[in-house]
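The structure appears right after this line, and notes come after that.
The values are calculated or read from the model by the stated rules, or taken from the named source; none is laboratory data. Note that the structure is predicted; figures quoted are calculated from it, not measured. Here the Cβ is made from the backbone with ideal geometry for all residues, glycine too, and neighbour counts use every protein chain on show. We work out accessible area using only protein heavy atoms, side chains counted, and drop any ligands, DNA or RNA first. Shrake-Rupley method; radii C 1.70, N 1.55, O 1.52, S 1.80 Å.
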Amino acid sequence: MEWQFFTEVLVGGLLSGVMYSLVAIGFVLIYKTSGVLNFAQGALLLFAALTFVSLAERGLPVWAAILLTLAAMTLIGALIERTVLRPLVNQPPITLFMATLGVSYVIEGAAQLLWGTQVHGLDLGIDDLPLEIGGVLISSFDLFAAAVAGAMVAALTLFFRYTRIGLGFRAVADDQLAALAVGLSLDRIWTAVWTAAGVVALVAGLLWGARLGVQFSLSLVVLKALPVLVLGGFDSIAGAIVGGLIVGAVEKLAEVYVGPFVGGGIEGWIAYVAALGFLLIRPSGLFGAKPVERV
Amino acid sequence: MPAVLSEPVVPPANGNVPSALAVEALSLSFGGVTALSDISFAVAPGEIRAVIGPNGAGKSSLLNVVSGLYRPDSGRVWLGGHSFAAVPTDRLATLGVSRTFQNLALFKGLSVLDNVAAGLSHRLRAGVLAQVIGLPAARRERAEAQAKAEELLAFLHLDDVRDRPAGTLPYGTQKRVELARALVSRPRLLLLDEPMAGMTLTEKRDLSGHIRAARDDLGATIVLIEHDIGVVMGLSDRIAVLDYGRLIADGTPDDIRNDPVVIDAYLGVAHDLEAGEGI
Amino acid sequence: MTDLALEKTATGTVRRLSPAPFGIGVLLIVAYGVPPLVASEYLFDAILTPFLALALAGLGLNILTGYAGQVSLGSSAFMAVGAYAAYNLALRLPGLPFLLDILLAGLVAAAVGLLFGLPSLRLRGFYLAVSTLAAQFFVQWVFNKVGWFSNDSPSGIVTVPPLSVAGLPLDSSAGRYLFALGVVTAVTLAVWRLVESPTGRALVALRDHETAARVIGIPVLRVKLLAFAVSSFIIGVAGVLWAFAYLRTVEPAGFNLDRSFQILFIVIIGGLASLRGAFLGAALIVVFPLLLARLGEALLGGLFDSGVLEMSQRIVLGLLIITFLIAEPAGLTALLDRAWNRICGRFRRAG
Ligand SMILES: Nc1ncnc2c1ncn2[C@@H]1O[C@H](COP(=O)(O)OP(=O)(O)OP(=O)(O)O)[C@@H](O)[C@H]1O
Ligand SMILES: [Mg+2]
């Protein structure tokens, strides 16, 4: 039935959109605290997945592999913060962005130099069986991934609402100077933020890795997250979620309903064009009013 | 630009001379903050008009509305015989209006001369190809702009730094370069947003002289935002006082000095201001 | 501002005796005269010709990013447009002289650049940077999907006709190099005139303070679009050189995101808003992988296989970018200037 098929496509799109949101949230975390659009988020994701898989393949128990990977991610985050971002403090945002572009090259190269370039399979133990819910077929893996991503978002929200560090993070995001003035330690907050971004990268890396195989192209999911960010705003977690859902849905619907007429393969750019079209109508993005530039 | 309603009308007159600038019932708010509320006043040609008021009173917002950078929620602006609901910034220079900014707004990567010559951009007619090929018309145009810029540099004693990148100059000098850039087009109306903030006493005195000369020798009408009451009293013909977005007084320096409302709202605290006066 | 030439002619009079005109003269004589006498085919095909094409692309991006301050992450899309346009012009209108093909191909690239530059009128900063990726992915997709552009070649890879100008065959390695050099010289001269003109100054004004530029009557929208068009034109011509003088084939995969980043890196490493910068950056980008390969082989021998080489190239490139951004944001240009001044100082003291 036509309607049922449409729903299937839409739900599939929304679910895969959650995976985009997950990647985008990693960006938002860093952007909110340091104003950096961290292009290396994709490379971090690749590094996390690759490290985890390689450790697990070497016989480490899963929990140990996860812990070690997390430790590595935190270390890398701290390293990036100290050696790259801190010397560039007060530089224009676009300079910082280009620096993270450099960082992504370094991490991609290092990850593959360290762990090799072959494709690793990653089995999370979830069968990708179609589930029927209300007459609509849904991939159980998608459902699982969406649930994990949802849990992740909830955990982050709780973290930022109820822990001291989390509250500090919000203070820094609102006003760095004020946060400094009341004696919040930026060092600790930044460490926490990079760790959080590392956790997000690991979770996203595992989900995406299970889907695509753990390999270089994993770092390209960053390109999926960018239109999401443009739609939802670089500094809004809610925006990342809604933007991800929209991008996921638009991509799948376009692929099914438009793709066949133009030879397919449009998922590489449709999200960009959609986000761009949207921005041209509403330059302020999904949320928030457009600020008037002060002079 | 459909947003811009422009109709030639006779602007409200001060006596029987048409005003150089008039605003009528301007209101503007940002979210919950009222920056301007029902402001009306007129500036006569050749006048030096100061706008004063405490921080956040809406002075910069007023100039930004007049130069079209902010769009007012309601009210109109009369400029050069036209009335606007929103002033078209792109046509500002052609209307004979130029301005400086509260925060430095120079083109840091360009030389001082190029910064000042850029103030004549709206007069350039030659196309980009003509410029690249170097057709005579393009060359003449450019030489003229440079000659005028040189004149202004001499006028403001900036010859020495003519070829320095603007971004490398001391703060006070940059402020002066900005004034030169605004003056080079010989504007009929010159809007200055705190041109002396952060200057030393001598620098302020020099600049006051330049501003007066801009009126006397170059024939500009001047609207000037300034916190230094001493400078304001000495320099201006009339003073408008803003407080919380409202125009609480408008008159000669003597009127203002003795106005109890102004003393309450602003002058009473002016002494504190002078010490830690911001940029 | 970092450019010697810029400082000199900004005012129309020579303020300070600069070595620039003399140096450029010598450089041109060397560039045209020496390689054809001494260079091997390898030197032409693996180093000199790709260097010229990339330098030209860097020059084009520098107009947009260095001078006008608009970051673009989709440069190689415009290289692709130029290359495919020239290929199709040569294929479908064989009567046209090739130099006209290049001009038209550049114009097509400029038109496409104008189209993708439209968002710049409303978007800024990261939003604009991300939107330029739309050009990257969309253009690459079009050339992949629409067989007409590659004359329905089943592999998508097409071989371009041999290079010849005015009946003069230029298909040897040296010939293709000289051709590329000629085009690069001409375009660079024009770009130099442009950045020195009032329009060039307007680009910088736009970059440094857009609001002030608008207030003083610079037609900001027109200037922005002009920057996109001119930049895309030059990058398109660079694409023609890449395809016709260097690779002698055209395929979409050669114009991917990595290539766009490479061009951006050339500009950053060489120096933003500097004409020399594009050349210096391109030289480094072309030469360093070869040096790295030699070095790796010497140090690690057999362990240093092509996979390791590729990864270490990525790492070194990334480190270069970071290092330059932190230590010398004005790029190789500034570095060389400083070295040059120090040498002069030493001579003066000695003499
Ligand atoms: N672009 C803007 N966006 C949001 N609020 C603004 C903007 N511009 C001004 N405001 C607000 O409007 C009010 C008036 O600001 P304005 O800059 O006009 O004051 P001012 O009189 O120039 O003060 P100062 O002496 O500090 O320069 C302030 O509360 C300010 O925060
Ligand atoms: Mg102000």
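Tabulated data for the structure shown
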item	result
Subset of the stretch B:128-167 [more than 9 Å from every other protein chain (Cβ to nearest Cβ) and either among the hydroxyl-bearing types (Ser, Thr, Tyr) or not in a helix (DSSP H, G or I) (or both)]	B:135, B:156, B:157, B:158, B:164
Selection count where residues are in contact (Cβ under 8 Å) with a residue 60 or more places away in the chain, more than 9 Å from ligand 1 (Cβ to nearest atom) and assigned to a loop (DSSP other than H, G, I, E, B), scope the stretch B:43-68	5
Leading residue by the ranking (nearest to the other protein chains (Cβ to nearest Cβ)) among those in the stretch C:169-188 that are at pLDDT below 95 and out of contact with any helix residue (DSSP H, G or I) (no Cβ under 8 Å at 6 or more places or on another chain)	C:175
Residue within the stretch C:182-194 that is surrounded by fewer than 19 Cβ atoms within 10 Å (Cβ to Cβ), β-branched (Val, Ile, Thr) and not in a helix (DSSP H, G or I) present	no
Boolean, residue B:100 is within 16 Å of ligand 2 (Cβ to nearest atom) and open to solvent by less than 40 Å² (accessible area, probe 1.4 Å)	yes
Failed criterion for residue B:158 (all others in (1) within 16 Å of ligand 1 (Cβ to nearest atom); (2) in contact (Cβ under 8 Å) with a residue 40 or more places away in the chain hold)	(1)
Boolean, residue B:240 is in the same structural domain as residue B:18 (by TED's automatic domain parsing), in a strand (DSSP E or B) and without any contact (Cβ under 8 Å) to a residue 24 or more places away in the chain	no
Residue satisfying all of: in the stretch B:103-114; of a type outside the set (Gly, Ala, Ser) and at the interface with chain C (Cβ under 8 Å from one of its Cβ atoms); surrounded by the fewest Cβ atoms within 10 Å (Cβ to Cβ) among these	B:108
Any hit, the stretch B:109-118, residues being touching a residue at least 24 places away in the same chain (Cβ under 8 Å), away from ligand 1 (no atom under 16 Å from the Cβ) and touching a Phe, Trp or Tyr at 6+ places or on another chain (Cβ under 6 Å)	yes
So residue B:71, is it away from ligand 1 (no atom under 16 Å from the Cβ) and among the basic types (Lys, Arg)	no
One residue from C:265, C:288 being open to solvent by 10 Å² or more (accessible area, probe 1.4 Å) and of a type in the set (Phe, Trp, Tyr)	C:288
The stretch B:37-79 - residue that is away from ligand 2 (no atom under 16 Å from the Cβ) and surrounded by fewer than 17 Cβ atoms within 10 Å (Cβ to Cβ) and, of those, nearest to the other protein chains (Cβ to nearest Cβ)	B:71
